[in-house]
Amino acid sequence: MAAGVTNQCVAGALAAWALLHPADPRWNHPPPLFGDAIDLFGLARAEGFQLDSHPTPGAMVVYGSAYGVFGHIATVRAVQGDRYEVGEQNFLDFSPNLEPHWTTFDLRSVPWPDPAVVGFVAAPPVG
């Protein structure tokens, strides 16, 4: 694996997030977000990222401890009625046997409201 490349859900969400916003200059060089998924909402708040409490297409959704000690993060692809769809890496229905499928991406439809959600990171800081 190349240096600096990771297969964690955080890396997958950040890559997908940037790809969904190619014309927005805020994604050219946003402040870095590193750490466990469960910590990224607080880190994004501290770095001045735009946050939201509802799913919107293109936002990252941060899941808390209901998804394990490290949490989970995904990218919202669509919202319709009482559901939202995410693209995510390393989830596989929260499988304890994930390792053989490391780097797997999937799409998942999630009911809303979702008590496991810590919040949504909508955009990098303005300016």
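What follows is calculated from the coordinates using simple rules that are stated; it is not laboratory data. Just so you know, these numbers come straight off a predicted model, no measurement behind them. So basically every Cβ, Gly included, is an ideal-geometry build from the backbone, and we count neighbours across all protein chains shown.
A few comments on the model shown:
- Residues Y67, Y84, arranged from fewest to most other Cβ atoms within 10 angstrom of their Cβ, appear as Y67, Y84.
- Once the Cα-Cα distance is subtracted from the 0.36 nm per residue extended length, the D106 to A66 segment shows a gain of 12.5 nm.
- A simple rule links phi to the HN-Hα coupling: the Karplus curve 6.51 cos²θ - 1.76 cosθ + 1.60 with θ = phi - 60°, which for the stretch 48-59 gives x, 5, 7, 10, 8, 10, 10, x, 9, x, x, 7 Hz, with x for Gly and Pro.
- Working from label points 7 Å from Cα in the Cα-to-Cβ sense, the V79 to Q50 distance is 1.2 nm.
- Local electrostatic count, E85, Cβ distance below 14 Å [Lys/Arg +1, Asp/Glu -1]: -1
- Karplus-based coupling profile of the stretch 78-87, in residue order and whole Hz: 7, 9, 8, x, 9, 9, 9, 10, 10, x, with θ = phi - 60° in 6.51 cos²θ - 1.76 cosθ + 1.60 and x standing for Gly or Pro.
- Built amide H within the under 5 Å cut-off of Y84, gap 5+: V110, W112
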